[in-house]
1. List the pair-distance distribution P(r) of the stretch B:1-158, using every Cα-Cα distance, as the percent of pairs falling in each 10 Å bin from 0 up to the bin containing the longest distance, rounded to whole percents.
2. What size of dipole, in debye to the nearest 20, comes out for the protein assembly as shown about its Cα centre when the only charges are +1 on Lys and Arg C-beta atoms and -1 on Asp and Glu C-beta atoms?
3. Of the residues B:F153, B:F179, B:F67, which exhibits the maximal mean-square fluctuation in a Gaussian network model of chain B defined by a 10 Å Cα contact cut-off?
4. Pop the C-beta distance of A:H27 and A:E130 into the FRET formula with R0 = 25 Å and round what comes out to the nearest 0.05.
5. Distance in nm between label sites at B:R221 and A:R241, each 7 Å beyond Cα in the beta-carbon direction?
6. So if the hydrodynamic radius of the stretch B:154-213 is defined as the Kirkwood radius over C-alpha pairs, what does Stokes-Einstein give as its diffusion coefficient at 4 °C and 1.567 mPa s, in µm² per second?
7. Would you mind computing the Rg to Rh ratio of the stretch B:97-250 from its alpha-carbon coordinates, Kirkwood style for Rh?
8. Mind jotting down the distance between the C-alpha centroids of the stretch B:132-172 and the stretch B:32-91, whole Å?
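Each value in this text was obtained by applying a stated rule to the coordinates, not by laboratory testing. Small disclaimer: the values here were computed from a predicted structure and weren't measured. Heads up, the Cβs are rebuilt from the backbone with ideal geometry, glycines too, and the neighbour counts pull from every protein chain shown.
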Amino acid sequence: MSSPVLEARGLVKRYRDLTAVDGLDLHVEAGERVALLGPNGAGKTTTLLMLLGAVSPDEGAVEVLGHPLPRRRSQAMMQVGFAAGYLPLPDRLRVREVLSLFARLYDIADPQPAVDDALTRFQITHLADEMCVELSSGQKTVVGIAKAVLHRPALLVLDEPTASLDPDVARRVRTGLAQLNEDEGTALLVTSHNMLEVERLCDRVVFVLAGKVVADGPPATVTAEYGHGSLEDVFLHLAERPA
Amino acid sequence: MHWGRIRAVARRHAYVLWRSPHRFFDVAVWPLVDVLLWGSLGVFVAQQTDQAGRAEATYLLAGILLFHILYQSQIAASTGFLEEVWSRNLLNMMTTPLTEWEYACGVALFGLAKLAMGITVVAAAAGGFYAFSVFELGWALLPIGALLLISGFAISLYVVGLVLRFGQSAEVLAWGIVFVVMPLSGVFYPVGALPDILQPISLALPTTHAFTAARQVLDGRPLPWDELAASALGAVALAAGGLAFVTAMLRTFRARGFVTRFS
C-alpha cells in the first residue's frame, strides 16, 4: 500500500449553530483520483479549505505528506496545487505573468519552462499574452488549473473545476488532468456536481452528507451498494435523504 | 523567508500600479495637491506676518513632506493587501507556500518604491514652487523619516486586521486613518496648539515626537534625542500592537472561515 499524500482525521467545523463538517476522516494516497461528492451545503468546500489550511478546524488534524497543518503549512503547500471554478485571477496581469508569479511563489527559479509546460498541457498557449481581465470565465478556470500544476504537486485539489466550462474545454481539462496523474503520479481530489465527469476521471468517490462521510469506494462499488444504475442516481438518493 | 517569493509579491504589485494609471493619484497627484495647498497657505501666512509667520511656512512645507512618508508607507501597505481583496486573489495566495511574513515583506518592499516616488514628487514640488529643500532638515531627515515609515507600516497592520475581521467595507480606513492621526500628531503645529483634552493622546503618538523633532531642527536647534527616543519607543509599541492585532484577526479569519467572503 502506498503512503498517503493527505491524511485528515476527525475534522469538525462549526459556524455558530451549524456544524458544517462533523468528524470527517479522509485520506488520499499517491496517484489516487478521488472525488468528494455531496449536495450543496454538504461541507465539501469547507473540508477542502481545511485541507488547504485556509480555514482552521475546530477539531481534528490534517497532514500533507507528513507535514501537519497549520504548523508546517508552507512546506505542505509546496506539495499541493489548488484551483476552483469560482476563483478569479489577478485582473491587471497577463496570463504568463500570473503563471510566472505563482511559479516563483512555489520557489521555481526559472518559471518559463514550467509556465510553457502548463500552458501546453491544457492547450492554452494562445492565451499566454492575454490580460486576465479579458478572459472568459471558462478560460480563467483553465488558467487557474494550469497555475495549480506549475510545481508538479503531489496532490491537486480542485473545487468544481469544470463548472463553467463547455463540454469541449471540460474534456481537454479532464484529459490534461488524467495525463498529469499518469505522467507525474499526481493525486487528484476533486469536487464536482457532474457525475459523468466523476465516473470518467476518478477511481474513488467519497460522498459527504451534512459534513459526514456516508459512502467511500470505487464508483462502481458505491453504485452497486446503493442498488442504483449510476452515480447520479446515488447522488440523488443521498441528496434526498434526511440529514 | 524566501527572497524569491518576497520579490514575486513586490513585482505583482508593480504590474498593478503600472497598468492602473488611476493608482498614480496616491503617488503623484495627491502629494502635489498637498504641497500646493500647504505651501501656498504658508506663503500667504508669511506675507501677512513677521518672522514667526515665515517660520510657519517652513513648518508647513516640512510637515507635509514628512507627513507623506507616513501617508505613503501606510497607504502602500494597506492598499497592497486590499489589492488581493479587490481582485479576490486572497485564497489563491493563501494556498501557496507563501507565508504571512513573506507577503508582508513583499508588500513593504513595493511600498518603499512607492514611497520613493511620492516623496520625490513632494520634494520636487516644494523645491520648484517654494524654494524649500528637504535637506534643510539635514541628517535629521533620516531618523525622523525612518520613524514615520515604521509608524506608517504599523498603522497599516491595524487596517489590514480590520479588513480581515470586517471585510472589504473596512477599506475606508486605508485612506481615512492617517487623517485622524494627522491633526493629533501636530504635523504643522506644536502639541500646545491642540485642545487640552487631546494633548495627552497626541503625546502618546510616536508621530507627534517625530514632527516635534523636525520642527526643533528647523528652528536651528540640535537634534532632540529625547524626542527621537520617545518616538522610537512609541513606534515599536505601535508596531508590536499592530502585529499582535493582525495575528489575532488572522486567527479569527481562519477560525470563522472568512476567506469565503473574499473569494
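1. Result returned by the calculation: 11, 35, 30, 16, 7, 2, 0.
2. Rounded to the nearest 20 debye, it is 500 debye.
3. Of B:F153, B:F179, B:F67, the most mobile in the Gaussian network model is B:F179.
4. 0.05
5. With each label placed 7 Å out from Cα toward Cβ, I get 8.0 nm.
6. Here the translational diffusion coefficient equals 104 µm²/s.
7. Taking Rg over the Kirkwood Rh, I get 0.99.
8. After rounding, the separation between the Cα centres reads 12 Å.
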